[in-house]
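Throughout, read-outs are computed from the coordinates displayed, never taken from laboratory work. What you see is a predicted model; the values in this text were computed from it and never measured. For neighbour counting, all protein chains shown are included, and Cβ atoms are generated from backbone atoms with ideal geometry for every residue, glycine included.
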Amino acid sequence: MVLETLQGERYAWMARYVIKFSKGYGIKFISHLDLMRTFQRAMRRANLPISYSMGFNPHAEFSFATPLSVGTWSIGEYMDIGLEHEMDEKDIVDSINSNLPPHIRIIGAKKMDDKSKSLMPMVGGALWEVTLVGHKGLNSDMIKEFLKQPEIKVEKQGKRGTRIIDIKPMILNLKTIEDNGGEFIFSLKSLAGSKNNLNPDLLVKALKAYCNELSETEIRDIKKIETYTLSDDGLISLGEFFGILGSGLYE
């Protein structure tokens with residue numbers, strides 16, 4: 001099978017697979033580029049029949065659904081790969097896992113339909129678990145009052161400079177998980193993707209602007225639980241959409 005992109009590059013492969021993987025706590029400070037290189041080396045060592053582009057500068061055909069920020073770990077990441085011929089899904093998982101370093105594990109793999117989109121434009125949401133310290137005054141009641149605001153505006157720094165955006169439409173769910181005095185842990189389900197994207201650090205910035213008592217609040221940990229896509233039934237996980245079972249229990 002030969003496919004052609006809008007840029008004119010031609011790719012040849014017989015099978016595409018979506019892969020769910022985890023990036024553990026122990027390597028949360030490695031960059032997205034380093035993660036890509038790690039997978040490239042692992043797939044080469046596994047002797048997977050990776051498909052390569054047919055352009056002037058051939059490169060391995062695999063891509064990530066979303067880049068993961070430095071300092072964030074995840075049990076719900078996805079990538080897709082193109083192979084020159086079909087393989088058993090379990091063999092793909094086992095062969096890559098046997099060549100990956102600690103703290104990175106393939107959770108599952110599933111063959112994609114030939115008509116499936118690439119993963120990146122499919123991403124519509126994400127679920128996060130965030131741990132804060134120095135959170136004097138922050139509690140479940142404050143979270144409820146914070147969400148009652150008609151708008152939640154915050155300053156966002158982007159490639160084109162700084163702008164003020166309203167993040168309230170991007171917050172799908174925000175609830176307290178634990179408040180033990182030393183740490184405040186909450187879950188955030190938010191829009192994610194190329195059009196609308198709310199990262200937890202931006203939400204924390206808005207919380208600190210809302211309450212002066214939170215000026216000393218810092219993020220201790222950000223864990224991504226799942227990545228979602230928009231279906232006819234609303235947001236569902238990419239794993240559920242493609243039929244990948246299992247959860248990322250590796251740290």
Work out from phi, with θ = phi - 60° and the Karplus expression 6.51 cos²θ - 1.76 cosθ + 1.60, the ³J(HN,Hα) of each residue of the range 114-124, listed in order in whole Hz, and give x for Gly and Pro. 4, 8, 5, 6, 5, 5, 3, x, 7, 5, x
Cα-centred dipole magnitude for the range 2-118, charges only on beta-carbon of K, R (+1) and D, E (-1), debye, nearest 20: 420 debye
When each pair of different Cα atoms in the range 122-236 is counted once in the 1/r mean, what is the Kirkwood radius in angstroms, to one decimal? 14.7 Å
Restricting to DSSP loop positions (anything but H, G, I, E, B) with no more than 12 other Cβ atoms inside 10 Å of their own Cβ, which GluC sites (Glu not before Pro) remain in the range 122-211? E151
Using only the alpha carbons of the range 89-144, determine the length spanned along each of the three principal axes and report them from longest to shortest in whole angstroms. 51, 32, 14
Simple spin-label estimate for R220 and R160 in nanometres, 7 Å along Cα-Cβ: 3.9 nm
Pairwise label distance in nanometres, D94 with E240, each label 7 Å out on the Cα-Cβ vector: 3.0 nm
Label-point gap, in nm, between D141 and K117 - each point 7 angstrom along Cα→Cβ: 4.4 nm
Looking at the range 24-95, which chymotrypsin sites (Phe, Trp or Tyr not before Pro) are in a loop (DSSP not H, G, I, E or B) and have at most 12 other Cβ atoms within 10 Å? F29, F56
May I ask you to derive the relative contact order of the range 2-118, considering only C-alpha pairs under 8 Å and at least 6 residues apart, and to give it as an integer percent? 42 percent
Size of electric dipole in the chain: Cβ of Lys, Arg +1 and of Asp, Glu -1, about Cα centre, debye, nearest 20: 620 debye
Quick P(r) readout (the chain; Cα-Cα; 5 Å bins; whole %) gives 1, 6, 12, 16, 17, 15, 12, 9, 6, 4, 2, 0
Given the options S231, S53, A126, identify the residue whose Cα lies farthest towards the positive end of the charge dipole of the chain (+1 on Cβ of Lys, Arg; -1 on Cβ of Asp, Glu). S53
Trypsin sites (Lys or Arg not before Pro) restricted to the range 74-116 and DSSP loop, no more than 12 other C-beta within 10 Å: K115
Can you give the relative contact order of the range 122-236 as a percent, counting alpha carbon pairs under 8 Å and 6+ residues apart? 44 percent
The range 149-251 - charge dipole about Cα centre, Lys and Arg +1 at Cβ, Asp and Glu -1, debye rounded to 20: 620 debye
For the pairs K136/K175; K136/K205; K117/K224; K117/K189; K148/K223, note any where the Cα-Cα span goes beyond 20 Å. K117/K224; K117/K189; K148/K223
The range 56-64 - phi-based ³J(HN,Hα) in whole Hz, Karplus 6.51/-1.76/1.60, Gly and Pro as x: 5, 10, x, 9, 4, 8, 8, 8, 9
